[in-house]
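Colleague: Just passing along the structure, written as structure tokens.
The values are calculated or read from the model by the stated rules, or taken from the named source; none is laboratory data. Note that the coordinates shown come from a computational prediction; the quantities given were computed from them, not determined experimentally. Note that we place each Cβ from the backbone using ideal geometry, even for glycine, and neighbour counts take in every protein chain shown. When the accessible area is computed, the model is the full protein with side chains, heavy atoms only, and any ligands, DNA or RNA have been set aside. Shrake-Rupley method; radii C 1.70, N 1.55, O 1.52, S 1.80 Å.
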Amino acid sequence: MVFAHLIVELHCLYGIGDQDEINPVPPFCKNGVRKPGYHCLSENCEFSGHAPAPLEIAYSDEKGEVAPDAWIGFGGDMDPNPYNDKMVSELKESWENICKKKVNDAYEDYMKQHKPLEDKE
């Protein structure tokens with residue numbers, strides 16, 4: 001079996017326009033409006049929306065959720081000035097390589113520091 005790991009941004013769209021006056025907050029809304037989570041997906045919430053999150057590196061918590069200060073994506077001040085499509089393509093490739101290396105480095109550092117597979121007794 002093959003699993004694909006997707007990174008998407010999940011948004012709570014409750015209250016956009018006049019929805020809050022028409023529809024009550026869903027009973028499965030665990031965190032309150034504007035604080036989406038897996039319950040939105042599992043309940044197929046009518047107020048949930050999503051967007052792709054390309055070129056991002058992140059650390060997720062034990063629930064698989066990412067805090068606002070635990071991710072960074074390519075763009076903004078990483079874009080060349082003046083903007084140049086060819087240079088952006090090269091910079092995105094560099095960003096991808098750096099991110100992959102950092103993920104591998106983190107794993108290797110952890111294994112060196114903690115040696116979790118060795119019997120500690």
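Colleague: Test Pro68 against the criterion of being touching a residue at least 24 places away in the same chain (Cβ under 8 Å), under 19 Å from Val8 (Cα atoms) and within 18 Å of the chain's Cα centre (by Cα), and give yes or no.
Modeller: In short, no.
Colleague: How many of the residues making up the range 30-74 are at pLDDT 90 or above, surrounded by 13 or more Cβ atoms within 10 Å (Cβ to Cβ) and in a loop (DSSP other than H, G, I, E, B)?
Modeller: 5
Colleague: Going by what's in this entry, would Val8 be described as closer than 23 Å to Val103 by Cβ, open to solvent by 60 Å² or more (accessible area, probe 1.4 Å), of a type in the set (Val, Ile, Thr) and in contact with a Pro (Cβ under 7 Å, 6 or more places away or on another chain)? Don't jump to the end; show me each part of the working.
Modeller: Working: closer than 23 Å to Val103 by Cβ: yes; open to solvent by 60 Å² or more (accessible area, probe 1.4 Å): yes; of a type in the set (Val, Ile, Thr): yes; in contact with a Pro (Cβ under 7 Å, 6 or more places away or on another chain): yes.
When the stated conditions are applied, Val8 passes them.
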